[in-house]
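Quick notes on the structure that follows.
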Amino acid sequence: MILAADIGNSNIVLGGLTDGKVSFQERIRTDRQKTAAEYAADIRNACNLHHVSAEDTGGAVLCSVVPEVTSNLSAAISDFTGRSVLTVTSDLDTGLSMEHMDSPHSVGTDLIVEAAGASDYYGTPVAVFDLGTASTCCVVDDKRNYIGEMIYPGIRISLDALSQRCSQLPVIDVAAPADFIAHNTVDSMKSGIIYSNAAIIDGMTAQIEEELGHPVITVVTGGFAGTIAPFCRKKIILDDELIMKGLYVIYQRNR
């Protein structure tokens with residue numbers, strides 16, 4: 001089993017992969033103040049829940065968009081597994097060419113990992129939408145070139161901004177409304193956030209296809225993917241395990 005970790009702004013996703021399949025996934029809250037020892041305890045607890053021991057692990061890999069946490073979590077994983085941890089950078093063999101990017105080293109490693117995973121598991125050309133703290137879309141062409149990306153405010157950020165900046169709008173949960181054309185304030189906010197984000201995926205995919213001149217595979221992942229995906233009109237692939245699969249792909253290429 002390969003132990004994999006994705007350090008995000010809000011959560012760390014920890015997972016185990018065997019033969020390219022995800023054996024388990026757990027979320028740990030991202031805390032910039034935690035020590036390596038505290039993260040090691042979190043990892044042990046998560047693995048114990050799934051009856052995974054250090055002896056079960058044959059390697060480890062991580063990607064991170066939170067540099068302050070990277071070294072502590074890497075040390076924690078090494079402490080648990082007794083092995084060194086492969087940390088993803090744009091310099092690794094990802095199976096993708098980054099030459100179309102102005103500054104490959106500035107591309108988020110989470111985007112690279114998801115693009116690599118989607119390309120290997122679903123084929124190319126592919127557009128990958130990640131609906132997390134920030135919402136992102138990255139595009140890989142039919143020659144496996146990572147050709148670009150889009151970043152826009154995440155769903156929770158957008159809703160929080162509405163509640164903070166508009167005195168009569170409440171804080172709400174992200175959930176499907178009763179109707180598209182809503183009949184009360186809470187459902188109006190739900191409808192707006194759900195359908196607008198579904199429309200973004202549909203619209204961006206159409207624009208990408210127009211620019212490339214042919215259809216693309218669309219994959220949606222991230223914490224809010226399951227909430228938004230049912231409201232998209234275009235055919236999409238929903239994959240909550242994509243980041244783990246991408247980490248496995250890159251680990252196998254660089255182990």
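Once you order the gyration tensor axes a ≥ b ≥ c over the Cα atoms, which shape class does the chain get: rounded for a/c under 1.5, otherwise prolate or oblate by comparing a/b with b/c? Verdict is oblate for the chain.
Per-residue ellipticity at 222 nm computed for the chain from its helices equals -12500 deg cm²/dmol, with DSSP H segments shorter than 4 residues left out and the rest contributing -39,500 (n - 2.57). Of all beta bridges that DSSP places with both ends in the chain, some 65 percent have antiparallel geometry. Could you tell me whether segment 43-131 comes out rounded, prolate or oblate from its Cα gyration tensor? Rule is a ≥ b ≥ c as square roots of the eigenvalues, rounded for a/c under 1.5, then prolate if a/b exceeds b/c, otherwise oblate. Judged from the Cα gyration tensor, segment 43-131 comes out prolate (a/c at least 1.5, a/b above b/c). Between rounded, prolate and oblate, where does segment 83-139 land on the alpha carbon gyration tensor, with a ≥ b ≥ c its root eigenvalues, rounded for a/c under 1.5, else prolate if a/b exceeds b/c? Rounded, because the longest to shortest axis ratio a/c is under 1.5. Applying the criteria of a DSSP loop state and at most 15 other Cβ atoms within 10 Å to the chymotrypsin sites (Phe, Trp or Tyr not before Pro) of segment 101-196 yields 180. Subtracting the Cα-Cα distance of residue 199 and residue 165 from their residue separation scaled by 0.36 nm leaves 9.9 nm. The ellipsoid equivalent to the alpha-carbon distribution of segment 177-255 has semi-axes of 30, 18, 8 angstrom, derived from the gyration tensor eigenvalues as √(5λ) and listed largest first. Close amide H partners of residue 59, meaning residues 5 or more places away or on another chain with modelled amide H under 5 Å apart, are 3. For residue 182, project a label point 7 Å along Cα to C-beta. Then give me every residue of segment 122-160 with its amide nitrogen under 13 Å of that point. The answer is 159-160, whose backbone nitrogens lie closer than 13 Å to the label point. Residues 26, 38, sorted by accessible area with the largest first, give 38, 26 [1.4 Å probe; ligands and nucleic acids excluded].
The values are calculated or read from the model by the stated rules, or taken from the named source; none is laboratory data. Note that the coordinates shown come from a computational prediction; the quantities given were computed from them, not determined experimentally. Neighbour counts run over all protein chains shown; Cβ positions are idealised from the backbone, glycine included. All accessible areas refer to the heavy atoms of the entire protein, side chains included, with ligands and DNA or RNA removed. Shrake-Rupley method; radii C 1.70, N 1.55, O 1.52, S 1.80 Å.
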